[in-house]
Every structure is written in C-alpha cells, then in structure tokens.
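The values are calculated or read from the model by the stated rules, or taken from the named source; none is laboratory data. All figures in this text were calculated on a predicted structure; none of them were measured in a lab. Every residue, glycine among them, receives a Cβ derived from its backbone with ideal geometry; neighbour counts consider all protein chains shown. We work out accessible area using only protein heavy atoms, side chains counted, and drop any ligands, DNA or RNA first. Shrake-Rupley method; radii C 1.70, N 1.55, O 1.52, S 1.80 Å.
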Amino acid sequence: MQPASSRLIDALRAAAGADAVLWRAGELFVYECDALTHHTGRPAAVVLPRTADEVAACVAACAREGVPFVPRGAGTGLSGGAIAFGGAVVIECARMNRILEIDPVDRVAVVQPGVVNADLSRAAAPFDLHFAPDPSSQQACTLGGNVAENSGGPHTLEYGSTTAHVLAVELVLASGERVRLGSRAGGEPGYDLTGAVVGSEGTFGVVTEVTVRLTPVPEAVETLLAIFPDVVSACHGVGAVIRAGLVPAALEIVDRRTIAAVEASVYAAGLPLDAGAVLIAELDGPAVALPRQVERVRTLCGANGATRVEVARDAAERQRFWRARKGAFGAMGRLAPDLYVHDAVVPRSKLPEVLEAVCAIGDRHGLTLSNVFHAGDGNLHPNISFDRRDEDELRRVLAAGSEILELCVRAGGVISGEHGIGAEKQDFMPLLFTPDDLDAMRRLRAVFDPERRSNPGKIFPTTRFCVESNPKARGYERVSFDP
Amino acid sequence: MLAPTGPEALAEVVRELGARGEAALVRGAGTELPQGNLPRSVAAVLSTKALTGIDVLDADEGVAHVAAGTPVAALREQARSEGLEVPLDPPSPASTLGGALAAAALGPRSLGFGRVREQVLGLEVVLGSGERTRCGGRVVKNVTGYDLAKLYVGSLGTLCVIEHVWLRLRPLPEETRVVAARVSGGEEAPAAALAAARLAGVRAAALIDSSLTAELGGGLPEPSRDGHLLIVEMASDAPVVAQSAAALARRHGGVTVPAGAIDAVAALEGAADDARHRAALRFRVTARPSRLVAAYAVLRAAGALVVTHPGLGLLCARFTCAVDEGAKHVDDAFATAQAAARAGEGSAVLAAAPDFARAGRDVFGTPPASVALMRRLAAELDPKSVLNPGVFVGGI
Ligand SMILES: Cc1cc2nc3c(=O)[nH]c(=O)nc-3n(C[C@H](O)[C@H](O)[C@H](O)COP(=O)(O)OP(=O)(O)OC[C@H]3O[C@@H](n4cnc5c(N)ncnc54)[C@H](O)[C@@H]3O)c2cc1C
C-alpha cells in the first residue's frame, strides 16, 4: 500500500482534530484485520471523530481526495467487514460512545454508534430494561457494528436479531449528507429504509446515531444444562423442543471438542469431559409459566437421549452453565494460533444430518473442527482451529469452509446467519443468488452510495482488489514499526 | 383485468406494461380498503388472485412458503391444523398474503405477533423493471445479502409485485381469553390502558370510545357514558393468562367476554361506510407511548371517535362528514390528525377514505426528509413507474 498523501492526512486533521488521525505504519498495523484474521487490508489512515459533524467532515475530506472509507466499531467482526481495501480511510467510531438518552416509559434508548453493547444493557438495568441482542462479543462490540451486521446472539431465538430492535438511525452518506431514517414512535410513512440499513455492513455510509428499543428484563429465568452422548442427539433434542411449540429464550449446543477446550481453560465450568455435547436451554418470562416449561424441556431432552439434565439452582450456577458457551471462543485460543469461526444457517429440522456431515468434512481434511452454536435458530458455527503459517493447512481450512457452505445451501440454508458476508463470503453469494438478485442489491446500494465509496469491495462477488486480501498470499508477514 | 397464473407470466405482464409505457394498479383479492394516494392514470388492474397455493407448510421448522394471492385465512386454517398460528393481523380476513405484506398495516394483534416485517423470512418478487428476483430465504435467521424484504413489505405495491413468501409461523397459544373492562373517561385512560397492554401474555389491547362500542355487537359490558371500554386479548400459557386476567379484574373489574371481541374491534376500523351521504375519514396516528395521552386529547377535543392501541402507540381516529361538505371538512380533520401526531411525536396518515377525500392530496402528509432516497429507490427498482404509480409517499 502506498503511504497516505499528506494532503489527505491534513484534510482529516482539519475535519476531526490533530489528535484524531493515525497514519504511521505501526499505528495502522492493528487495523489490518478484524476478528477474521486471515483477511487483511491496510488502511491509508485511521480517523477517530467525536461527533456526527466530524464524521461528515471526514467523509467529505475523503470525497475530495478521491479515497474510499470504511466505518469501524470495535473490530470484532468475523467476516472481514471492517478491513480497508483500495487504500481506504478507516473511520473508527470508538470516541462516539455516549448513551444520549434512555426513556423507560417509551422503552427506548438513543445512542452513539461507538457505545459498547453490554454498556447499554448495564445502563438500562436500573429501569429493569435491557438491549436484547446479545452477541457473545458483547463486552467489546459496538452498536454501530451490531446495526451494520444485524448481529444476533444466544437470545435471538426469542427476541430476534438487531433489526427487530432498531427504530431509527442517523446516517452520514458517502456524499457527506446527513439523513435521519425511521422514527421513535414507529409507523413513519414511507419505505422502511431503516430496515435496509440494518445489515448493510457499512456500505451505505456511517451510522452516527441509533434509536433502539429496550426490552423488559424477564421476571424469571430458568437455565437447563442437558448432557448428551453426542452432538446429533443434542440436535434431535432441539428439534423436539421446537416442534413441541416451546419458545425458549435460548437453545445453544456445545460439542465435545469445545467442552474439552473450555474445561482446560480459565473458563472451566465443570462440564463432564465424557459428554458428547451439552445443550444449554434457557427459558424466561412470567414466573408462573416456567415450572411446566422446564419439565417439558427436561422430558424432551430425556426422550432424545440426554443422560442427565441439570437446572441451575441460582444465578451463580446459571453463570457457570453460560461460561461454557460464552468462553468457548476464548478457550479455543488454546488449541491453535488461529480460529476460523464459520457461520451458516440450516432449517432446524436438518441440524442432525448437517452436523454429522460438517464433522465428516473436518475429518476428511484432517482439521480440528469444533461446534458451539445457536441451535434453536439452526445457526451453525463450525470452528476450525489452525495455524495460518502452515500453508497446506490454510488451504485445507478454506476448502473445508467452502464445502460446509455448499452443504448448508443444499440443505435449504444460507451462508450467514449473523456475521455477514464482508470480505469473507462474497464469492459464495452466487450459491444463493442469481445475477438479477445481486443486481437488485446493487441497485439498492446505488440509492445510498452510487459511487461505492463506503466500504468498497465487500458483499458482492468480485475479483479481489489486491494481493493483500488474498489469504493464501499471507503468512505472518510483519510490517516495520517505523514512524 | 390481468390475472397471470404463474410467476413467469406475471413477469411477462410487468415487462410488457413497461415496454408499452403503461402502468397497472396491483391488487390482491381487492378486499383491502382504498389505501394510499389515488393512483396516477393506469391502463390495467394487475391481480395476484390466480397466484395461489401453499407449497410448503413445515411444522417442524415453523415456516411456510406461500403464493402471494393466497388468502391469509386459508393459510391460517391449514397452519392451525398443524398447531401453528399465522402471525399476521390484516384488516380483512379475506386479504391475500401479498396484500397483507404490501400494506403492512398494524392490526390489534400486532402487539403480540410483532410487526409484519418481522414475520417475513424471504420473498420472491417481480420488480417494476421486470426481473424475477428473490431475497432472504426459508431459515429463521439470515444476514446473507441486503435485507430487501424490509423495503418490499409496506411498499403498497410500488417497487415490485410480491409473488411468493417465506413466512414465519408461531406455535398456537395454549389458552386465549378476552377480557373487557370499563375504564372511566378522562384523558388519562390511555395511560391506564398502556399498563394493561404491558401485562404478560397480552396479544392485543384496545381502548374504545364509548360512542363506538354500540358498533361492537353484543356480549360486552356497557361502558359508562363518556367512559371507555378496554378490551384485552391474552394468548399464552394457561397460568400466564390466568394471572393477567386476575390483574385486569383487580384493576378494572374486567370480565371475560366472547373470544371474537378483538375481531370486532378490527372490523370496526375496517368497516365500510354504512350511510350513503356520510363518509368516514379514517386516520392512523402514531405516538410515543409516553405521549399517547397528549395525542389522544387532541383527537377527542376535535370530536374524533378513537380506538387506541396503547401497546402499539397507535390511535385509529374516525371523523365523519357529509359527502357534500367536501374538501373543507377533510382539511380540518387532516389538520387535527397532524396536530395529534405532533403532540405524540409520531405521524398521521389518512388511512382510508372515499376518493373525493383523497383527491388532490398526499394522504401521508408532508413526506419525511428521506423521501429523496425513497424516490431514488423507486427509480432504481421501478424506473418506468409501472406499478401503482402515485399511490405512495410523496406521490411515488
Ligand atoms: C469472540 C466473538 C464472538 C462473537 N459472537 C457473535 C455473536 O454471538 N453474534 C453475532 O452476531 N456476532 C458475533 N461476533 C461478531 C461481531 O462481534 C459482531 O459482528 C459485532 O456486531 C461487530 O461489532 P464491532 O463493533 O466489532 O464492528 P466491526 O467489526 O468494527 O465492524 C463490523 C462491520 O460494521 C461496520 N460498521 C461498524 N460501525 C459502523 C457504523 N458506525 N456505521 C456503519 N457501519 C459500521 C463495519 O464497516 C463492518 O462492516 C463475535 C465476534 C467475536 C470475536
């Protein structure tokens, strides 16, 4: 990548202040990737505006200099959405982290995009409210990222993905224009542009304010941990619960390899190491409803092969159950230097056969593949532990990844349930969409960003921008830390 | 009338209209009340009534794939036999699925079901430019590509003709019970109703002005003069229903009434005008929950008859005028509805009215600033304005 022009740096400094611009190679290094580490792209510069006006000024500066830009939150994305292609400027929203308002009667919060997901729920807690979308990364990821990816989490089963909770957004378009979409009261006449912005992966502009719904904290919660002999029978258990018409808040499966990694780590939750899989089932709602639901889930798990079902006796035990789930990704750091977290969805009734086939693909390629996933939504996360310095292994990882996606599509599923397409899966889009389908999406993009200057090179199938984004071309190549 | 019998024939019709520079009015069953603005000139009516059929009803998964011309009632019946509910509440039971999605109107039960947009998993459509395209899919969680379905839902037949739908279904509740209670008059009534709407297991809650209750039919308590009737439908596990019903009995003396009471409320809002010389102007005003009382007061002071859906932040207001009083009365009613919307920090739409009342005005009121983006969207997907020209916001 060419070093950024000093004119660009000066323009960004004028837009957001001298202390808001990073441009030295060493500073840019950390922005080369997001949590999908094997895709990289170095930005020309990083700018950290504090206000929507500053964002608009930064975007305008980019327009004048003819460079694209990439909005960025915490960089926890798992599809390479926040990496810079084509010498783009990263506009990082970390400093726009204020909660502007919480209205407990309307059950609404107005926030800046850099607010961390978990901070919002913490701030709403005194009103017995919370922000329902709860990605496992919620201690770090931002509302701007959640909106851009339409993020989900374990409790999406009951409460829906981010889109169900966003009422309005303010957006700075690539032209520098500021627009407000949606309304706090709801029912604003016109097309649901807010609904289109959610999930647009930063390609429509920079979201500078979000109005979200807050959800009452449930009166009661029951958490069950069901031990199964293997992951397939756990999947059958999930199918039985869904078919029975129960709507749990969460149904999460953790498989044997993940249990082993968790138990060997600081997240150890005391799970039985001989379990083939555990199912965490959470039920919430009015206290009077739960005892019967708990019994039904317990019975259905038993009927599908669970060898033991425990019900958390108190909050501490509930947290222990969840530690196995929430600590899973962290724990996998023990298995190998790199982790490829896949994300695909299949009809829930197809989970048993698909899971079996996914594991077979991993085995066939000689890979360490583990599963920890949102089973209730049919949302798989096959995780492959690997070392990207091993070129052959990396090749097998990518080959297995494509086979898994093809498998899921054949089963009637899709190639992303919550992490987005980004720079990772764009070339798989034709598995699901015809050229006309994709063209409709391009036309929508043109409404917001006709010159494709906001987060270019993502989502749509394309020949790669440059060698930097080709995972096969990159090992642990280092940049020098010159000033 | 054009009534293509399959998706390809539908696309062919749309392409031909475009090639001839003509436009069509898109219709489902034709049961929906006249909605949106009066259309600019159209050469034909394009009906989806021949596009019917439930291709998939997957009870294990809780989803259905349905042709857009299928009546919602038909899908509901088949879903019920599998223990499932169609989480849509269109104004008329005869509405087609496509019509219900395109209008995306909130019904009383939207409180429990959620908005129409949340029930749609995937769509196959014919764009105004003639291509058959799809978005979304059959699975319940999906971020593969832009969420175009959000734009098609509520587009009132502009942008595209919906051809097939992947719809989310829900388990039928164990118990459904409807409770009615007298709520004393006064402007605070909507606030009391909001608290009732937020009880556990409530699927619909409507506060009805006393002068409208006569239209609801029998079996309901008499409201006190100048008071209101609060009708609450609970649909949940039996213990939850019992608990919330007990709370309503304690707070408002609520009693169980026939199960159809909420349908009667919906019918009240959707009823055609009965008298030949008088016309009903039906407005939908949205308000922040905390501003319901203020919005309600504005409507009542002007003599509107109001059904308030506190949980939805929605006030359905009816003004009646003599047909020969004409436009002047409509202007006044519109001004009132807009004042109520300002008080509620929401919006006001003239949702249904006879042609004379809609002629020469934008029933959506002054468009929001984002209308420029909306126009660009329409220009991208329906560049020749083939579908329902003029009916949407800002005359799109
Ligand atoms: C350990 C781990 C667990 C995870 N668990 C989950 C999970 O359970 N569910 C889930 O859905 N995801 C999960 N993720 C993925 C990720 O955390 C989410 O996608 C999250 O929403 C990204 O937020 P972020 O702030 O880090 O965004 P970033 O990674 O910085 O950016 C993501 C995308 O959002 C865009 N963007 C960011 N801010 C803005 C803005 N202000 N305006 C416009 N576009 C913007 C970027 O351009 C990019 O395309 C996980 C990630 C990790 C590392």
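Details
- Annotation note: Cβ proximity below 6 Å between a residue of region A:420-433 that is facing chain B (nearest Cβ under 9 Å) and a residue that is assigned to a loop (DSSP other than H, G, I, E, B) and more than 16 Å from the ligand (Cβ to nearest atom) (sequence gap 6+ or interchain) occurs for A:M429/A:P461.
- The residue list B:E22, B:E8 contains one member that is within 14 Å of chain A (Cβ to nearest Cβ) and over 15 Å from B:G157 (Cβ atoms), which is B:E8.
- Wholly enclosed helices (runs of 4 or more DSSP H) of region A:263-361 bearing at least 2 residues among the aromatic types (F, W, Y): A:315-326
- Against the numbered list (1) more than 10 Å from every other protein chain (Cβ to nearest Cβ); (2) within 8 Å of the ligand (Cβ to nearest atom); (3) part of a loop (DSSP other than H, G, I, E, B), A:F204 comes up short only at (1).
- Residue within region B:371-394 that is at the interface with another protein chain (Cβ under 10 Å from one of its Cβ atoms), surrounded by 18 or more Cβ atoms within 10 Å (Cβ to Cβ) and touching a Cys at 6+ places or on another chain (Cβ under 8 Å) present: yes
- Number of the condition not met by B:N37 [criteria: (1) buried (at least 18 other Cβ atoms within 10 Å of the Cβ); (2) in a loop (DSSP other than H, G, I, E, B); (3) of a type outside the set (S, T, Y); (4) more than 14 Å from chain A (Cβ to nearest Cβ)]: (4)
- Qualifying residue in region A:321-338 (condition: without any contact (Cβ under 8 Å) to a residue 12 or more places away in the chain, more than 14 Å from the ligand (Cβ to nearest atom) and away from chain B (no Cβ under 14 Å)): no
- Taken together, the criteria exclude A:V179 from residues that are within 18 Å of A:P71 (Cα to Cα) and near the ligand (Cβ under 9 Å from one of its atoms).
- Region A:31-47, subset within 12 Å of the ligand (Cβ to nearest atom) and more than 21 Å from A:K425 (Cβ to Cβ), residue surrounded by the most Cβ atoms within 10 Å (Cβ to Cβ): A:P43
- Of the helices (runs of 4 or more DSSP H) lying entirely inside region B:63-166, those containing at least 3 residues that are more than 22 Å from B:A205 (Cα to Cα) are B:72-81, B:97-103, B:149-152.
- Test: residue in region A:297-306 that is modelled with pLDDT under 95 and either closer than 21 Å to A:L367 by Cβ or surrounded by fewer than 16 Cβ atoms within 10 Å (Cβ to Cβ) (or both): no
- For region A:4-20, the criterion of being of a type outside the set (A, V, I, L, M), touching a helix residue (DSSP H, G or I) at 6+ places or on another chain (Cβ under 6 Å) and assigned to a loop (DSSP other than H, G, I, E, B) is satisfied by no residue at all.
- Within the set A:V212, A:V241, the sole residue that is assigned by TED's automatic domain parsing to the domain that holds A:D106 and open to solvent by less than 10 Å² (accessible area, probe 1.4 Å) turns out to be A:V212.
- The strands (runs of 3 or more DSSP E) found wholly in region A:70-128 and carrying at least 2 residues that are more than 21 Å from the chain's Cα centre (by Cα) and not acidic (D, E) occupy A:99-103, A:108-111.
- All of B:R318, B:R284, B:R276, B:R250 fail the test of being of a type in the set (K, R), at pLDDT below 90 and on the phi < 0 side of the Ramachandran plot, apart from B:R276.
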